[in-house]
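Novice: Handing you this structure, nothing more for now.
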């Protein structure tokens, strides 16, 4: 499979998938999202790989959706409402492809993981964070809902109260807070991040893969049993929020690097 924005490395039973748009803080353009889906699904045919680490090239895990991506802009300017709804399923498809992988998955979070980057981290089985990492969901601060069927993943990790705090306030939380809340499973010095993630990966790779993968699938099925029933309309909610004055104000304030003034319109 040919990829432009991913680097895939394999070492015995462990694979590392590296988001490789460092000059754009590994922001998720449409092509990268398609590459992540295709890569995650391709591991179905890989019996040797037992653990997959996701991480980012350069100083950032992923800054989330690339709002400057020309393909993203074109789809929202030119597509019909029907095709916009179908296009908005790309994010949920990407997260589901990661969440449903047979292999154990580990997010090695370097720098910031925000928006879609935080969603990818939450979709993995485990998260190792550098001691200087930051994770946040900025969507509400931009006047939109948290979509991509990602909210239940956050709730499952840190509980309803902390999830409300994290998502509604739209702050980037530091590593110590994320560890305390249960979003991160381990925090290590930044220079030790990749080695620590590989150490965790080797530990899980040493277990019998059939039994380990059965447990993973069963736990995920229990934790996410109602996700789709509850969140099936989050794309519709995004389209609604994108038509509000608050959405325009949120995006404008972000681009102008100022605090937004929301009016509930």
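Novice: From (1) surrounded by 15 or more Cβ atoms within 10 Å (Cβ to Cβ); (2) in contact with a helix residue (DSSP H, G or I) (Cβ under 6 Å, 6 or more places away or on another chain); (3) touching a residue at least 24 places away in the same chain (Cβ under 8 Å); (4) on the phi < 0 side of the Ramachandran plot, pick out the condition that doesn't hold for residue 200.
Specialist: (2)
Novice: Further, regarding this structure: Being in contact with a helix residue (DSSP H, G or I) (Cβ under 7 Å, 6 or more places away or on another chain), within 21 Å of residue 225 (Cβ to Cβ) and surrounded by 24 or more Cβ atoms within 10 Å (Cβ to Cβ) is true for just one of 97, 107, 122. Which residue is that?
Specialist: Answer to the check: 122.
Novice: Quick check, is residue 69 in contact with a helix residue (DSSP H, G or I) (Cβ under 7 Å, 6 or more places away or on another chain) and surrounded by fewer than 22 Cβ atoms within 10 Å (Cβ to Cβ)? Explain how you work it out, then say what you get.
Specialist: Details: in contact with a helix residue (DSSP H, G or I) (Cβ under 7 Å, 6 or more places away or on another chain): yes; surrounded by fewer than 22 Cβ atoms within 10 Å (Cβ to Cβ): yes.
Against the criterion (in contact with a helix residue (DSSP H, G or I) (Cβ under 7 Å, 6 or more places away or on another chain) and surrounded by fewer than 22 Cβ atoms within 10 Å (Cβ to Cβ)), residue 69 qualifies.
Novice: While we're looking at this one, here's another question. Just give me the residues in the stretch 243-265 being in contact (Cβ under 8 Å) with a residue 40 or more places away in the chain, in a loop (DSSP other than H, G, I, E, B) and either within 17 Å of residue 151 (Cβ to Cβ) or in contact with a helix residue (DSSP H, G or I) (Cβ under 8 Å, 6 or more places away or on another chain) (or both), in sequence order. So that I can check it myself, show each step before the final result.
Specialist: Initial filter on the stretch 243-265 (in contact (Cβ under 8 Å) with a residue 40 or more places away in the chain): 244, 246-251, 254, 260, 262.
Keeping just the survivors that are in a loop (DSSP other than H, G, I, E, B) gives 244, 260, 262.
260, 262 - these are the residues of the stretch 243-265 that are in contact (Cβ under 8 Å) with a residue 40 or more places away in the chain, in a loop (DSSP other than H, G, I, E, B) and either within 17 Å of residue 151 (Cβ to Cβ) or in contact with a helix residue (DSSP H, G or I) (Cβ under 8 Å, 6 or more places away or on another chain) (or both).
Novice: Among the candidates 210, 222, 168, which residue alone is under 17 Å from residue 52 (Cα atoms) and surrounded by fewer than 16 Cβ atoms within 10 Å (Cβ to Cβ)?
Specialist: 210
Novice: Does the stretch 21-37 contain at least one residue that is within 20 Å of residue 193 (Cα to Cα), outside any helix (DSSP H, G or I) and either touching a helix residue (DSSP H, G or I) at 6+ places or on another chain (Cβ under 8 Å) or at pLDDT below 95 (or both)?
Specialist: Yes - at least one qualifying residue is present in the stretch 21-37.
Novice: Residue by residue through the stretch 156-197, note down the ones that are within 19 Å of residue 105 (Cβ to Cβ) and in contact with a helix residue (DSSP H, G or I) (Cβ under 7 Å, 6 or more places away or on another chain).
Specialist: Hits for the stretch 156-197 are 156, 157, 158, 182, 183, 184, 186, 187, 188.
Novice: When you scan the stretch 91-111, how many residues do you find that are assigned to a strand (DSSP E or B) and over 18 Å from residue 62 (Cα atoms)?
Specialist: Within the stretch 91-111, residues that are assigned to a strand (DSSP E or B) and over 18 Å from residue 62 (Cα atoms) number 1.
Novice: Residue by residue through the stretch 38-90, note down the ones that are in a helix (DSSP H, G or I) and under 26 Å from residue 204 (Cβ atoms). Explain how you work it out, then say what you get.
Specialist: Applying the first criterion (in a helix (DSSP H, G or I)) to the stretch 38-90 yields 38-45, 70-78, 81-87, 90.
Result: 38, 39, 40, 41, 42, 43, 44, 45.
Novice: Could you check the stretch 161-191 and list, in sequence order, the residues that are in a helix (DSSP H, G or I), touching a residue at least 12 places away in the same chain (Cβ under 8 Å) and closer than 30 Å to residue 11 by Cβ?
Specialist: Matches in the stretch 161-191: 175, 178, 179, 190.
The values are calculated or read from the model by the stated rules, or taken from the named source; none is laboratory data. Quantities reported herein were computed from a predicted structural model and do not represent experimental measurements. No Cβ is skipped: glycine too gets one built from the backbone with ideal geometry, and neighbour counts run over all protein chains shown.
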